1. Output wanted: per-residue J couplings in Hz (rounded whole) for region 76-91, from phi through Karplus 6.51 cos²θ - 1.76 cosθ + 1.60, θ = phi - 60°, x for Gly and Pro.
2. Taking the Cα centre of the chain as the origin and placing charges on Cβ (Lys, Arg +1; Asp, Glu -1), which of Ser140, Gly76, Leu226 is farthest toward the positive end of the dipole?
3. Restricting things to Cα coordinates, could you compute the convex hull volume per residue of the chain in Å³?
4. Quick one: net charge of Pro206's neighbours, Cβ under 12 Å, K/R +1, D/E -1?
5. How big is Rg to Rh over region 10-58, alpha-carbon atoms, Rh as the Kirkwood inverse-mean-distance radius?
6. Report the local net charge at Ala266: Lys and Arg +1, Asp and Glu -1, summed over other residues whose C-beta lies under 10 Å from its C-beta.
7. Using +1 at the C-beta of Lys and Arg and -1 at the C-beta of Asp and Glu, which of Gly66, Ser30, Leu256 has the Cα lying farthest in the positive direction of the dipole of the chain?
8. Restricting the count to DSSP beta bridges whose residues both fall in the chain, what percent are antiparallel, rounded to a multiple of 5?
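A short reminder: the numbers here are calculations on the coordinates, not readings from a lab. This one's a predicted model, so the numbers in the text were calculated from it and none came from an experiment. Heads up, the Cβs are rebuilt from the backbone with ideal geometry, glycines too, and the neighbour counts pull from every protein chain shown.
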Amino acid sequence: MSQNAAFTPPSDARAYRLRTARGEFAVVDSPVTDGVDGKGTVLMLPGFTGSKEDFTLLHKPLGARGYRTVAVDGRGQYESDGPEHDEAGYAQAELARDVLAQVAALGTRVHLVGHSLGGQIARAAVLLDHSPFVSLTLISSGPARISDSQQQRVKLLRDALGTMTMAEVWKVIQAMGPPEEVGAPAPAHGPDDPERLRDRWLGTRPAQLLATGRQLCTEPDRVAELAALPLPCHVLSGAYDDTWPVPLLDEMAVRLDARRTVIAGAEHSPNTDQPLPTARALADFWDGVPARPPSDR
């Protein structure tokens with residue numbers, strides 16, 4: 001992979017600001033491959049400290065399977081605007097309403113995909129209103145709060161943000177080595193241009209990190225609520241994950257009666273660790289989901 005490959009969208013993709021009833025959001029919108037019949041539209045939500053670029057390597061293989069893919073920076077993430085210091089705008093319910101507004105702006109029902117924190121925001125969105133969604137895929141996103149070890153990492157980050165600038169915190173993260181849920185993905189697994197990673201970090205609003213970091217450490221178990229919805233679900237993860245241990249994700253999939261996929265050779269970010277098997281697993285799931293909304297059960 002070239003140095004900028006994971007940050008550079010496909011040549012036929014459009015990077016623009018999606019106008020919604022709740023403001024504008026930076027997106028990368030990648031079409032179905034020429035000559036391939038379109039099967040649907042996908043909206044992809046990144047995780048904590050992440051961005052729409054975490055899905056860059058999925059666009060082409062999913063386009064080849066017939067899926068238009070739209071990856072979005074959430075409120076206050078990277079290239080999407082948001083309050084600098086007011087955490088109220090980043091309450092989970094507010095972020096969930098943003099997702100509903102994004103789908104409305106796209107003008108079609110979508111397959112919703114959320115990675116890590118993005119999975120919990122996606123879950124909150126479908127619990128508010130499941131009707132705009134064809135399916136829900138949770139990538140490395142568990143039933144409740146993150147593991148104790150990752151909670152300690154998030155606490156360190158939140159403490160640092162209380163006394164240091166974003167640039168100073170970035171230096172600390174690089175020195176300590178970015179963990180799974182704090183800081184940018186490790187260069188071996190994610191976008192690997194150090195300057196672009198730093199730009200992404202500096203573009204993210206401190207209030208967004210503080211608010212969503214707290215959410216990760218306090219999220220309740222809402223699996224039963226999600227299981228009650230008439231929405232096909234897919235739980236996908238790498239073979240190892242310290243943020244939500246893999247056996248916990250296995251159990252969650254059973255509780256949801258969801259499709260379960262484990263991507264060999266991947267850890268917390270299978271979308272960047274192993275993009276081709278991840279794309280194949282996603283498309284295989286969507287291909288089996290009825291296009292019409294299922295009746296309430």
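1. Values, residue by residue: x, 8, 6, 9, 9, 5, x, x, 6, 10, 8, 6, 4, x, 10, 4 Hz.
2. It is Leu226.
3. Values: hull volume 34.0 nm³, N = 297.
Here the figure is 115 Å³ per residue.
4. Working: positive: Arg158, Arg205; negative: Glu84, Asp86, Glu87, Glu168.
Surrounding charge for Pro206 is -2.
5. Working: Rg = 12.3 Å, Rh = 12.4 Å.
That ratio equals 0.99.
6. Values: positive: none; negative: Asp241, Glu267, Asp273.
Result for the neighbourhood of Ala266: -3.
7. Value computed over the given set: Gly66.
8. Details: 11 of 35 bridges.
Percentage antiparallel, nearest 5: 30.
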